[in-house]
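K.L.:
I'd like to ask you about the structure that follows.
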Amino acid sequence: MLVASLLLIPRAVSAASRPDLGTAASFAVLGASTVTNTGPTVVHGDLGVSPGTAVTGFPPGLVSAPGTIHAGDAVAAQAERDALAAYNDLAGQACNVNLTGQDLGGLTLTPAGYCFSSSAQLTGQVTLDAQGNPNAVFIFQIGSTLSSASNSKVLLINGASPCNVFWQVGGSATLGTATSFEGNILALASIARTMGTTTQGGLYALNGAVTLDTNDITVPVCSGPTAISLVSFTATPAGQAIVVQWTTATELNTVGFNLYRSVDGERKDAVRVTPSMIPAEGNGIVGSTYAWTDTNVQKGSTYSYWLQETETAGTTNEYGPTTSTFGSYHILLPLMGMGSLSR
């Protein structure tokens, strides 16, 4: 077991991409043969089984509304098919970093595809650092089994989202007592949760059972890919101002853009700096380049900016942050957007 934190920062690798869970996305728990529970488990999301029909232990377990139980019905069957398609997508993606033989405990990992030729073990805490990009994707390809020791934890920092964390397991997954886990587990065989574990993400057993014991499982609400393809988003000092610039490759059903800014790096404290929406200029074939000059700045201060895109349906997608302290800082963002809250 590693006792010191090891920072792994993959460079110049093909980016991991988020698979489409399809109808399985609404399921917090989905088993193939059975779903069994002991104790006051709470499931936030749908619970299903297919082609099996047995769901036991509810109650005392609770499926929180609006989640429902689908025992061997057509909805569960389609969700299993969609989960299998997502599993195959994950299995076919590139392995950027091979962690075979290493315990995940003590590691700090950046967005990439990670693989284990056989089993993967988590003892302690693994940190997933999105580096300020809420669309960053983490994929773990595990040849046989995934297991965690008691009181282990997956920690998400700097914008990492459970929507974008995927554990593709070639066998079974077992989470130890009081483990705090983040991300979606897609196991070819079964999934077992021991007492007191919590999960932000779906549990999908493709050929076996899901076993629960006094757990809390929440499937996060995740948006799909945005209607724009964002190429770059930068903030550059220019005299007594900061020029925020972004470039799109394509735009589809985009009305326009707004910029939000904070001085402490926290999105919750950001305020809109564009007095009105900047109209979209691209279309479904070509994009455009945009710029906004922020003159309300003080030399030496650090400013973080978020770009919010509004679509014709009224939905919004957000990118960032990009940061400037009167020294150019540049980031490239992937082509997926997450739904955001307007301020």
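The values are calculated or read from the model by the stated rules, or taken from the named source; none is laboratory data. This one's a predicted model, so the numbers in the text were calculated from it and none came from an experiment. Using ideal geometry, Cβ is built from the backbone for each residue, glycine included, and neighbour counts are taken over all protein chains shown.
K.L.:
Can you name every one of the strands (runs of 3 or more DSSP E) wholly within the stretch 212-323 that holds 1 or more residues which are out of contact with any Pro (no Cβ under 6 Å at 6 or more places or on another chain) and within 30 Å of H44 (Cα to Cα)?
P.N.:
216-218, 303-311
K.L.:
To continue, here is another question. Take the stretch 190-208 and flag every residue that is closer than 17 Å to A91 by Cα and not in a loop (DSSP other than H, G, I, E, B).
P.N.:
L203, Y204, A205
K.L.:
How many residues are surrounded by fewer than 24 Cβ atoms within 10 Å (Cβ to Cβ), of a type in the set (A, V, I, L, M, F, W, C) and farther than 18 Å from F58 by Cα when one looks only at the stretch 168-220?
P.N.:
The number of residues fulfilling the criteria is 4.
K.L.:
How about the stretch 175-202: which of its residues are closer than 15 Å to L30 by Cα and of a type in the set (V, I, T)?
P.N.:
Correct list: I185, I191, T199.
K.L.:
Hey, any hits in the stretch 68-89 for a residue that's in a loop (DSSP other than H, G, I, E, B) and under 27 Å from T177 (Cα atoms)?
P.N.:
yes
K.L.:
Could you say whether any residue in the stretch 228-241 is surrounded by 24 or more Cβ atoms within 10 Å (Cβ to Cβ) and not hydrophobic (A, V, I, L, M, F, W, C)?
P.N.:
No, the stretch 228-241 contains no residue that is surrounded by 24 or more Cβ atoms within 10 Å (Cβ to Cβ) and not hydrophobic (A, V, I, L, M, F, W, C).
K.L.:
Return yes when L107 is surrounded by fewer than 24 Cβ atoms within 10 Å (Cβ to Cβ), in contact (Cβ under 8 Å) with a residue 60 or more places away in the chain, in the same structural domain as L206 (by TED's automatic domain parsing) and within 22 Å of V49 (Cα to Cα) and no when it is not.
P.N.:
So L107 does not fit the description; no.
K.L.:
Report yes if some residue within the stretch 290-311 is modelled with pLDDT under 80 and of a type in the set (G, A, S); otherwise report no.
P.N.:
no
K.L.:
For a quick check of your reading of the model, give me the residue pairs whose first member lies in the stretch 34-51 and is under 22 Å from P220 (Cβ atoms), whose second is assigned to a loop (DSSP other than H, G, I, E, B) and acidic (D, E), with beta-carbon atoms closer than 9 Å and at least 6 apart or on different chains.
P.N.:
G48/D73
K.L.:
Only residues that are touching a Ser or Thr at 6+ places or on another chain (Cβ under 8 Å) and within 27 Å of M195 (Cβ to Cβ): list them for the stretch 68-79, please.
P.N.:
H70, A71, A76, A79
K.L.:
Based on this model, can you work out whether N133 counts as surrounded by fewer than 18 Cβ atoms within 10 Å (Cβ to Cβ), closer than 30 Å to E266 by Cβ and not small (G, A, S)?
P.N.:
No: the conditions fail for N133.
K.L.:
Oh, and also: Looking only at the stretch 176-189, filter to residues that are outside any strand (DSSP E or B) and free of Cβ contacts under 8 Å to residues at least 60 places away in the same chain; which one of those is nearest to G124 (Cα to Cα)?
P.N.:
T179
K.L.:
On to the next question. Has the stretch 155-163 got any residue that is out of contact with any helix residue (DSSP H, G or I) (no Cβ under 6 Å at 6 or more places or on another chain), surrounded by fewer than 18 Cβ atoms within 10 Å (Cβ to Cβ), touching a residue at least 12 places away in the same chain (Cβ under 8 Å) and among the small types (G, A, S)?
P.N.:
no
K.L.:
Sticking with this structure for a sec: Within the stretch 249-271, how many residues are of a type in the set (S, T, N, Q) and at positive phi?
P.N.:
1
K.L.:
Looking at (1) surrounded by 20 or more Cβ atoms within 10 Å (Cβ to Cβ); (2) of a type in the set (G, A, S); (3) over 18 Å from the mean Cα position of the chain (by Cα), can you tell me which one G101 breaks?
P.N.:
(1)
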